[in-house]
Amino acid sequence: MYRDLRAACESGWDLSTRWLRESAPETTPPRNGATRHEAPTAPSLASICTTDILPVDLNALLYRLELQIAALARKAGDAATARNFEALAADRRSSINALMWHTKAGALYDYDWRHGKRRDCLTAACVVPLFVGLTDDRQAAALARTLRERLLAPGGLASTECRSDQQWDRPNGWAPLQWMAVLGLRCHGHTELADTIAHRWLSTVAGLYEREGKLVEKYVLRVVEHESTHGGGGGEYLLQDGFGWTNGVTAAMLALHPTHTAHGCKAHTPSDWHR
């Protein structure tokens with residue numbers, strides 16, 4: 001259990017139901033003797049199984065790293081190393097598509113290697129393959145629909161579909177996931193959804209800043225438009241002020257949306273956003 005907790009912390013998603021053993025909804029007999037199906041609840045932290053899971057975001061980042069090593073080796077004149085890492089990247093991409101892509105759901109999921117199956121928990125980690133250029137246009141279109149239908153909230157992009165007391169679940173939203181989603185979607189031409197996520201996130205950040213004069217590590221995503229925003233909760237420590245990735249993502253998004261206000265944007269995004 002300690003090993004799985006440590007692995008979850010090293011993942012950056014510390015902690016989330018993403019790393020817990022998935023369970024089916026329980027069936028309990030009500031008082032009248034009939035059968036009813038209870039809604040699934042967040043599993044216990046005691047069921048953590050991080051080391052059984054192949055994370056989609058980690059593998060996407062490794063794919064991009066392998067391509068970068070190949071490019072640098074080729075530039076240095078080391079053709080053998082370049083070919084080796086190009087082959088590794090191609091093999092990883094093929095494996096990601098075979099094991100993690102769910103055509104019917106239109107998304108990429110983590111993979112449970114111990115049980116030999118895809119996980120059922122949809123998370124915003126599925127935007128990382130978009131961000132690193134691993135997905136094709138067909139997959140990107142399906143992912144865009146899935147994100148809009150299942151993870152998009154009035155305050156930005158939710159981390160997971162599951163609401164829990166862990167900080168990398170609903171109702172919290174995190175800056176780096178917004179950034180990777182926005183850039184990944186724009187790279188595939190889904191600029192409307194990308195701009196929607198950006199403006200909703202900036203409105204979330206602005207709402208707290210206007211009231212408290214600070215940026216924070218994570219935010220509770222608004223449930224309805226114009227609802228007041230709050231810093232996120234959950235996890236094992238107090239909310240941190242002035243967090244690096246919130247500062248960086250906010251500065252970058254404001255530079256690209258200079259006319260953004262807490263209630264929206266008055267101008268179109270510059271054509272060179274992706275840079």
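Hey, with R₀ at 41 Å, roughly what FRET efficiency would Ala98 and Arg211 work out to, going by the Cβ-Cβ distance, to 0.05? Present the calculation step by step, with values, prior to reporting the outcome.
Numbers: r = 48 Å, r/R0 = 1.17.
Calculated value: 0.30.
Let me check I've understood the local charge: for Asn97, count other residues with C-beta under 13 angstrom from its C-beta, Lys and Arg +1, Asp and Glu -1. What total comes out?
Details: positive: Arg92, Arg93, Arg118, Arg138; negative: Asp91, Asp136.
Here the charged neighbours net out to +2.
Lys and Arg at +1, Asp and Glu at -1: add these up for the other residues within a Cβ distance under 12 Å of Leu193 and post the number. Don't skip to the answer; put the middle values down first.
Values: positive: Arg145, Arg148, Arg186, Arg200; negative: Glu149, Glu192, Asp195.
Computed value for this residue: +1.
Obtain the nm distance between the two label points defined at Arg138 and Thr51 by a simple spin-label model: each point lies 7 Å from its Cα along the Cα-to-C-beta direction.
3.8
Based on alpha-carbon centroids, what's the gap between segment 209-254 and segment 117-170 in Å, whole number please?
So the two Cα centres are separated by 20 Å.
Trp245 to Glu10: FRET efficiency via 1/(1 + (r/R0)^6), r the Cβ-Cβ distance, R0 25 Å, to the nearest 0.05? Could the numbers behind the result be given before it?
Details: r = 17 Å, r/R0 = 0.67.
For R0 = 25 Å, the calculated efficiency reads 0.90.
When the helices in the chain are scored as -39500 (n - 2.57) per DSSP H run of 4 or longer and the sum is shared across all residues, what 222 nm value do you end up with, to the nearest 500 deg cm²/dmol?
Details: 8 runs with 115 residues, N = 275.
Calculated mean residue ellipticity at 222 nm is -13500 deg cm²/dmol.
Using a 7 Å offset from the Cα along the Cα-to-Cβ direction at both Ala90 and Ala105, what is the distance between the two label points in nm, to one decimal?
Placing both labels 7 Å along Cα→Cβ, they lie 3.0 nm apart.
Could I have the simple spin-label model distance between Leu238 and His226, label points 7 Å from Cα toward Cβ, reported in nm to one decimal?
Once both label points are built, they end up 3.4 nm from each other.
Classify segment 45-162: rounded, prolate or oblate, from the alpha-carbon gyration tensor (a ≥ b ≥ c, eigenvalue square roots; a/c under 1.5 rounded; otherwise prolate if a/b is larger than b/c)?
Working: a/c = 2.26, a/b = 1.62, b/c = 1.40.
It comes out prolate by the Cα gyration axes.
Taking +1 at the Cβ of each Lys and Arg and -1 at the Cβ of each Asp and Glu, which of Leu208, Ser164, Ala198 sits farthest along the dipole of the chain towards its positive end, judged by Cα position relative to the Cα centre?
Ala198
So what's Rg/Rh here for the chain, counting alpha carbon atoms and using the Kirkwood radius for Rh?
Details: Rg = 20.0 Å, Rh = 20.0 Å.
With Rh from the inverse mean 1/r over Cα pairs, Rg/Rh is 1.00.
Please report, to one decimal in angstroms, the Kirkwood hydrodynamic radius of segment 122-275 built from all distinct Cα-Cα pairs. Could you put the intermediate results ahead of the total?
On the way: mean 1/r = 0.0649 Å⁻¹.
Value: 15.4 Å, from the Cα pair sum.
Give me the net charge of Leu67's neighbourhood, meaning all other residues with Cβ under 14 Å from the Cβ of Leu67; Lys, Arg count +1, Asp, Glu -1.
Details: positive: Arg64, Arg74, Lys75, Arg83, Arg92, Arg93; negative: Glu66, Glu86, Asp91.
Net of charged neighbours comes to +3.
Once Rh for segment 55-120 is found with the Kirkwood sum over Cα pairs, what is the Stokes-Einstein diffusion coefficient at 10 °C and 1.306 mPa s, in µm²/s? Numbers along the way, then the final one.
Details: Rh = 12.8 Å.
D = 124 µm²/s.
We did not get these values from a lab; they are worked out from the coordinates using the rules stated. Note that the coordinates shown come from a computational prediction; the quantities given were computed from them, not determined experimentally. Cβ atoms come from the backbone with ideal geometry, glycine included; neighbour counts cover every protein chain shown.
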